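Everything on this sheet refers to the single structure shown next.
The values are calculated or read from the model by the stated rules, or taken from the named source; none is laboratory data. Bear in mind the structure is a predicted one, so any value in this text is a computation, not a measurement. All Cβ positions, glycine included, derive from the backbone under ideal geometry; neighbour counts span all protein chains shown. Surface accessibility is based on the protein's heavy atoms, side chains included, excluding ligands, DNA and RNA. Shrake-Rupley method; radii C 1.70, N 1.55, O 1.52, S 1.80 Å.
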Amino acid sequence: MVFDVDYRNEWHGGETAAELEVVFTDQLSGLSFSGDGALRLDVNIDVVAGSPTREVWTTPEPLEGCEKLCGTDGAYVHTRNIFMCAGLIPEQDSYSAVTEEAYREAISAQRKLGFPYLVRMWNYLGDINGMNSENLEIYRDFCRGRAQAFEQLGVDGTHMPAATGIGKSDPGIVWYYLASRTPIVQNIENPNQMPAYTYPRRYGPKSPSFSRASRLVRAAESAPVKTLVSGTAAIIGHESQHIGNVDGQLDITFQHLAHFCDAGSRYSEVKVYYRCDEDVPTIIARCTEFFGPEAKIIYLKSDVCREELLVEIEGVVKEGVA
């Protein structure tokens with residue numbers, strides 16, 4: 001039993017019975033659900049020319065079920081051991097209540113089907129650094145709703161999966177995640193960073209709810225172990241570093257990413273989120289050097305969860321493939 005991911009430019013179709021495809025596009029964000037095991041989420045976000053535009057999560061197991069969520073604009077597909085879910089939240093004056101509702105409904109449906117273990121989550125927020133009707137930053141507004149859902153569902157720090165919370169171009173929120181029937185994941189922190197779920201209140205009424213990485217156990221003796229690394233930026237402890245200096249921020253970010261990649265491992269898939277167009281040549285050159293020619297990299301123009309951060313990077317580490 002295993003998750004697999006591929007970054008590509010075209011839909012191949014028909015390769016697997018259960019599939020979650022995320023398409024980065026200049027079109028409005030949207031969710032497509034065919035009912036035959038294919039779940040597609042469009043995310044309105046600019047992609048650097050030449051980057052892959054599709055992130056496709058699959059499993060070789062046969063499809064066992066697929067369904068729309070009842071009270072939330074979302075849907076899921078699942079096999080015997082793997083659950084994949086995605087959804088949309090339309091533009092709101094405040095996001096806490098609707099985020100809490102969406103998370104509670106999705107995770108409750110997941111658990112009812114017998115998938116208790118969260119593996120990896122992604123959240124793309126329109127105007128992430130803007131303010132809601134309460135004059136609270138939209139990212140902090142979202143974090144409040146997510147944390148309230150986790151509290152109600154009994155998801156504590158040891159069970160919080162790796163996650164990304166990042167901007168997108170159109171309003172509202174799109175989200176997707178992976179879960180499993182068996183305890184295949186070990187959540188990992190970075191000693192150079194405070195666990196996000198323990199951040200002080202200066203970062204909002206509720207701390208961000210995620211771990212720094214989730215390590216998947218080996219599905220078979222011949223299969224590489226994967227570590228799914230959260231969106232990572234130039235934060236030491238809980239403080240942002242090298243304000244206004246993209247090279248300095250990349251130095252810190254690469255140090256953090258290296259913590260999850262030992263000898264005999266490499267980053268196979270990477271997503272790089274950048275704030276400013278003028279930084280793109282530097283970011284591409286340095287990422288190419290750090291990750292090497294074999295890594296598949298998607299470069300996405302996106303505001304980051306803190307206004308002072310210029311770049312954020314997430315990735316998949318595979319062991320035994322160096």
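Build a GNM of the chain with springs between Cα atoms under 10 Å apart, and of Ile166, Ile128, Ile89 the one that fluctuates most is Ile89.
Any idea what log10 I(q)/I(0) is at q = 0.14, 0.16, 0.23 Å⁻¹ for the stretch 97-142, Debye with uniform C-alpha scatterers and no solvent? At q = 0.14, 0.16, 0.23 Å⁻¹ the computed log10 ratios are -0.46, -0.56, -0.86.
Extension gain Lys68-His159, at 0.36 nm per residue separation less the Cα-Cα distance, in nm?
30.2 nm
For the cross-link pairs Lys112/Lys296; Lys68/Lys226; Lys112/Lys301, the ones whose C-alpha atoms lie over 32 Å apart are Lys112/Lys296; Lys112/Lys301. Relative to its residue count, the chain spans a Cα convex hull of 123 Å³ per residue.
Two decimals, Cα atoms only, Kirkwood Rh: what is Rg/Rh over the stretch 228-296? Reported Rg/Rh (Cα atoms, Kirkwood Rh): 0.94. If you run the Gaussian network model on the chain, springs between alpha carbon atoms under 10 Å, then out of Ala234, Ala75, Ala17 the most flexible one is Ala17.
Which shape class applies to the stretch 118-171: rounded if a/c is under 1.5, otherwise prolate when a/b exceeds b/c and oblate if not, where a ≥ b ≥ c are the square roots of the Cα gyration tensor eigenvalues? It comes out oblate by the Cα gyration axes. For the stretch 89-171, the relative contact order is 45 percent, taking Cα pairs closer than 8 Å that sit 6 or more residues apart in sequence and dividing their mean separation by the residue count. Global dimensions of the stretch 181-265 from alpha-carbon coordinates: Rg and Dmax equal 15.0, 46 Å. Other residues whose C-beta falls under 13 angstrom from the C-beta of Ser34 contribute a net charge of -2, scoring Lys and Arg +1 and Asp and Glu -1. Backbone N atoms of the stretch 274-302 closer than 19 Å to the 7 Å Cα→Cβ label point of Ala263 are not found in any residue. The GluC sites (Glu not before Pro) of the stretch 183-255 that DSSP puts in a loop, and whose beta carbon has at most 10 other beta carbons within 10 Å, are Glu221.
Of the solvent-accessible surface of the stretch 204-297, computed with a 1.4 Å probe and all protein chains present, 50% belongs to carbon and sulfur. Subtracting the Cα-Cα distance of Glu239 and Glu308 from their residue separation scaled by 0.36 nm leaves 23.8 nm. Taking all protein chains as shown and a probe of 1.4 angstrom, Asp73 keeps an accessible surface of around 90 Å². With protein chains left intact and a 1.4 Å probe, residues in the stretch 23-126 average 40 Å² of accessible area per residue. Under a 5 Å amide H cut-off, with hydrogens placed 1.01 Å from N, Val225 pairs with Glu319 among residues at least 5 apart or on other chains. Over all pairs of different C-alpha atoms, the stretch 2-137 has a mean inverse distance whose reciprocal, the Kirkwood radius, equals 16.0 Å.
Label sites at Asp251 and Val217, each approximated as a point 7 angstrom past Cα along Cα to Cβ, lie 4.1 nm apart. Dipole magnitude for the chain: computed about the Cα centre from +1 point charges on Lys and Arg Cβ and -1 point charges on Asp and Glu Cβ, it is near 960 debye. Given Ile252, Met160, Gly35, which one lies farthest toward the positive end of the charge dipole of the chain, if we put +1 on the Cβ of every Lys and Arg and -1 on the Cβ of every Asp and Glu? So the residue we want is Met160. Net length available on complete extension from Glu189 to Glu294 is 35.2 nm, with 0.36 nm assigned per residue and the Cα-Cα distance removed.
Using a Gaussian network model of the chain in which every pair of alpha carbons under 10 angstrom is joined by a spring, one finds that among Asn135, Asn245, Asn123 the greatest mean-square fluctuation is at Asn135.
For a quick protection proxy, order the peptides 247-254, 151-158 by their average other-Cβ count within 10 Å, most packed first.
247-254, 151-158
Among the GluC sites (Glu not before Pro) found in the stretch 13-81, those both in a DSSP coil and sparsely packed, with 13 or fewer other Cβ atoms within 10 Å of their Cβ, are Glu15.
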